[in-house]
Amino acid sequence: MATVVRRSEIAPRPWPNGGGTTRELLRAEDGAWRVSLADIDRDGAFSAFPGLRRLLTVVDGIVLALVVDGVEHVIEPRRPFAFDGDAEASASLPEGPVRALNVIVEPASVSPHVTVLELGRGSTLPIADDQAALVLQGRAQVEGAEASAYDLVQGPAEVSGRCTLAVITLQRV
């Protein structure tokens, strides 16, 4: 049976530096990974996650400039960007606030992947038990329930409807 995690039902937690908020959508029972949605409202440093690996995908907004260990990267929407949790990272918002999907994993245990897909009318996408799908646009139908923007569907499930999804795969290594 699929689980729909509704963004609206999770209270945002402010970042220590005041630059944004995070909503934790899903976490492994053993702590090997977590999936969260961050609203980045102003320039500032990212928190460090020593020993972990981060996969960040801008899901709303124009662009995120991210300096990781002194090297600037321009993160465009829907293009996942991976970096070490140990890295010194700071963000700037040249075109205004952004929302980012964050997948943080123990790299010895989990290999994360994010793929953005569009479903058309009549399309169905199976989501495996090591996957979840964040609805970016439109409405997704999931076993009689509906998921809308920024709701997360945890697999196993069958997702249909006209929508854009960020499919997260958390492959155990």
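For the range 111-127, give me each residue that is in contact (Cβ under 8 Å) with a residue 40 or more places away in the chain and either surrounded by fewer than 21 Cβ atoms within 10 Å (Cβ to Cβ) or farther than 22 Å from D30 by Cα (or both). Walk me through it before giving the result.
Going residue by residue through the range 111-127, those that are in contact (Cβ under 8 Å) with a residue 40 or more places away in the chain are 111-121, 125, 127.
Of everything in the range 111-127, those that are in contact (Cβ under 8 Å) with a residue 40 or more places away in the chain and either surrounded by fewer than 21 Cβ atoms within 10 Å (Cβ to Cβ) or farther than 22 Å from D30 by Cα (or both) turn out to be S111, P112, H113, T115, V116, L117, E118, L119, G120, R121, L125.
Answer yes or no: is there a residue in the range 147-159 that is among the charged types (D, E, K, R), in a strand (DSSP E or B), more than 14 Å from the chain's Cα centre (by Cα) and modelled with pLDDT of 95 or more. Don't jump to the end; show me each part of the working.
At the first step, the residues of the range 147-159 found to be among the charged types (D, E, K, R) are 151, 158.
From what's left, in a strand (DSSP E or B): 158.
Subset that is more than 14 Å from the chain's Cα centre (by Cα): 158.
Next, only the ones that are modelled with pLDDT of 95 or more stay: 158.
So far as the range 147-159 goes, yes, one or more of its residues are among the charged types (D, E, K, R), in a strand (DSSP E or B), more than 14 Å from the chain's Cα centre (by Cα) and modelled with pLDDT of 95 or more.
Go through the range 21-41 and report how many residues are more than 15 Å from the chain's Cα centre (by Cα), surrounded by 13 or more Cβ atoms within 10 Å (Cβ to Cβ) and of a type outside the set (A, V, I, L, M). Spell out how you get there, then give the answer.
Of the residues in the range 21-41, the ones more than 15 Å from the chain's Cα centre (by Cα) are 29-32, 41.
Imposing the further condition that a residue be surrounded by 13 or more Cβ atoms within 10 Å (Cβ to Cβ) reduces the set to 32, 41.
If we keep only those that are of a type outside the set (A, V, I, L, M) too, we end up with 41.
Going through the range 21-41 one residue at a time, the tally reaches 1.
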Return yes when A65 is modelled with pLDDT of 95 or more, among the hydrophobic types (A, V, I, L, M, F, W, C) and surrounded by fewer than 17 Cβ atoms within 10 Å (Cβ to Cβ) and no when it is not.
yes
Pull up the range 1-43, narrow it to residues that are acidic (D, E) and in a strand (DSSP E or B), then point me to the one that is farthest from P77 (Cα to Cα).
E24
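The values are calculated or read from the model by the stated rules, or taken from the named source; none is laboratory data. As the structure is a prediction and not an experimental result, all values here were calculated from the model. Cβ: placed from backbone, ideal geometry, glycine included. Neighbour counts: every protein chain shown.
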